[in-house]
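The values are calculated or read from the model by the stated rules, or taken from the named source; none is laboratory data. All of these numbers come straight from a predicted model, not from anything done at the bench. Here Cβ is always computed from backbone atoms with ideal geometry, including for glycine, and neighbour counts include all displayed protein chains. The area values use the complete protein model at the heavy-atom level, side chains included, leaving out ligands, DNA and RNA. Shrake-Rupley method; radii C 1.70, N 1.55, O 1.52, S 1.80 Å.
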Amino acid sequence: MLQMMKALNQRKNRKHKPKRRETEIINDSSEIISFSEDSESSTEVRQKPRIMRPRPLPPPTPYDPLADSEKLEKLINQRRLKNWLKFSKVVLGNKYILEYYKELIQTKTNQLNKQFLPIYQQFVNDVYTWAQKILKTTIEALMKTPKLNFQVVAIADKKIAPKQLGLNSQQIKDYIKMILKEIDDNTTDDQITESMKYFFTLFSDYKPLPNNILLKYEFNRFNFNKIGRYIQDSKPKRYMMYCINILNKIVILMVLGKLPSQFPANLFTEQTKINIKTLASVLNELILIWLSGFTAAQPENTKGIDVQKLPVEKKPSYLKMDFEATKEEEARLSEAVKSGLDQPILYPLFSARQMGEFFDNQRQFVNNEIGGTLEGWCDRFDALVQNYKAQTDQEDEEEKKKQLDEYAKPYNMKKAGMMNKLKERKERFIQLNTDIAELKEKIKQGQDNYDKARQQWEMKQNSRK
């Protein structure tokens with residue numbers, strides 16, 4: 001009876017118990033333990049431990065580099081801005097520097113043109129005084145020797161016999177040798193004044209040249225840069241300047257050419273006029289022939305250069321002497337002016353073609369004797385000028401250094417502050433580059449870690465299937 005009541009209660013409990021899934025029933029098998037018939041309870045149900053399935057692994061948290069990318073872009077923009085500001089300052093600074101130097105160049109050119117006239121006048125006076133002094137004996141002999149005849153150019157009423165031409169040529173040679181020897185012997189440091197040396201130091205590389213001084217002959221043989229400054233200074237150009245400015249412009253033009261005004265009219269006969277003009281013409285041609293061996297005209301030496309930046313040529317581009325010009329000399333000058341190339345330095349003088357018989361018979365004298373004498377004199381004069389230039393350049397550098405030191409004193413503190421700011425900016429810029437590099441590495445490492453975790457998760461998921 002008791003057993004029947006227990007069985008009935010069990011049935012009731014089963015009715016009210018929620019149904020389990022079939023899989024749970026299968027997995028939840030019960031173990032029935034039997035007892036002996038004498039026991040009060042006939043059966044006991046014991047539930048076995050459940051075998052739980054492992055829960056699925058969650059995927060790794062996705063790596064979102066958006067935040068780091070935004071930070072990286074911000075840092076890069078900051079660096080780009082700093083680079084742009086730095087570039088702008090450099091560009092603007094260079095612009096202001098260029099404008100400043102343009103103004104400085106123009107100011108110096110204007111100052112030179114204002115100051116050059118007294119400098120040049122002093123140079124001319126010193127050279128003229130020096131030349132008159134050393135050539136005094138030669139000039140007196142030239143004026144007071146009655147039988148002196150230098151005529152080598154045939155004039156309508158004065159034909160020259162070959163024998164007389166030889167005698168006249170020898171006399172010209174003797175006087176030219178005397179003049180050049182006196183000049184060469186007196187080219188010493190105690191005879192050459194400071195103004196005579198200083199004038200030629202103005203014709204140095206990258207210096208502005210004065211206006212209304214250079215003749216066409218000189219201008220055609222110079223080189224200029226884009227801003228009209230003299231460049232490519234060399235011995236040939238310096239030798240040309242020595243010869244043209246001392247021998248041609250002073251000795252021939254002012255000493256020989258001004259003789260009529262220095263002597264009484266009774267001494268200055270027609271023959272004396274011919275002698276002086278012939279002597280001046282021969283010496284002028286000898287100098288030009290020697291210079292033509294190492295200085296040549298450059299017709300396009302100003303091509304591509306603004307005319308306003310170039311020095312202004314002297315007009316007219318020749319020097320007038322106190323001699324009467326022949327029709328042939330006038331025609332030759334007109335032709336030279338029209339050609340736009342070389343023009344005669346001194347006018348009027350006999351041309352080399354007119355004195356052809358003299359030059360044809362005196363080639364050794366022209367090429368060897370005169371060339372060697374002129375070269376020796378130029379070497380000696382150039383040594384004096386270069387020594388003076390080296391000395392003055394050193395003094396100028398020392399003076400400029402003192403002036404710069406004086407000007408720099410009020411700005412030392414400001415300069416120090418600017419340097420500190422530049423140093424700080426440089427350090428910040430370096431730190432900014434470091435931060436960008438570290439952030440890039442962090443983004444790369446984060447992406448690599450995520451890819452590795454994702455790969456491991458996929459491998460575990462596949463192994464559970």
*For residue 421 and residue 454 in one chain, what is 0.36 nm times their gap in residues minus the Cα-Cα distance, to one decimal in nm?*
7.0 nm
*asked:* What distance in nm lies between label points placed 7 Å from Cα along the C-beta direction at residue 313 and residue 361?
replied: 3.7
*asked:* Can you give me the distance in nm between label points at residue 185 and residue 147, each placed 7 Å from the Cα along the Cα-to-Cβ direction?
replied: 2.5
*Taking the Cβ-Cβ separation of residue 368 and residue 306 as r and a Förster radius of 45 Å, what is the calculated FRET efficiency to the nearest 0.05?*
0.50
*In whole Hz, with x marking every Gly and Pro, tabulate ³J(HN,Hα) for the stretch 249-264 from phi via Karplus 6.51 cos²θ - 1.76 cosθ + 1.60, θ = phi - 60°.*
7, 10, 5, 6, 6, 8, 7, 6, x, 9, 4, x, 7, 9, 10, x
*Of 130, 290, which has the most accessible area with a 1.4 Å probe, and how do the rest follow in descending order?*
290, 130
*Using 1/(1 + (r/R0)^6) with R0 = 60 angstrom and r between the beta carbons of residue 398 and residue 322, what's the FRET efficiency to the nearest 0.05?*
0.80
*Determine the gain in length on full extension of the stretch residue 159-residue 233; use 0.36 nm per residue of separation and subtract their C-alpha separation, reporting nm with one decimal.*
22.0 nm
_Amide H partners (placed H, <5 Å) of residue 207, local residues excluded_ = 230
*asked:* I'd like the accessible area for residue 339, computed on protein heavy atoms only with a 1.4 Å probe and all protein chains in place. Round to 10 Å², please.
replied: 70
*Distance between modelled label sites at residue 391 and residue 136, nm, 7 Å Cα→Cβ extension*: 2.7
*Would you please give the residues with an amide H less than 5 Å from that of residue 319, counting only those at least 5 places away or on a separate chain, with H modeled from the backbone geometry?*
346, 347
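Set the Förster radius R0 to 51 Å, insert the Cβ-Cβ distance between residue 122 and residue 437 as r into 1/(1 + (r/R0)^6), and round the FRET efficiency to 0.05.
0.15
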_Can you tell me the length gained on complete extension of the stretch residue 270 to residue 204, counting 0.36 nm per residue apart and subtracting the Cα distance?_
19.3 nm
_If DNA, RNA and ligands are ignored and the probe is 1.4 Å, what is the ranking of 353, 363, 454, 428 by accessible area, most exposed first?_
353, 363, 428, 454
*asked:* Could you report the accessible area of residue 254 in Å², rounded to 10, computed with a 1.4 Å probe on the protein chains as they sit in the structure?
replied: 50
*Considering amide H positions built from the backbone, and no H for Pro or chain starts, which residues 5 or more places from residue 298, or on another chain, come under 5 Å of its amide H?*
221
_I'd like the accessible area for residue 241: 1.4 Å probe, protein heavy atoms, all chains in place, Å² to the nearest 10._
10
*Just by accessible area at a 1.4 angstrom probe, what is the order of 310, 117 from largest to smallest?*
117, 310
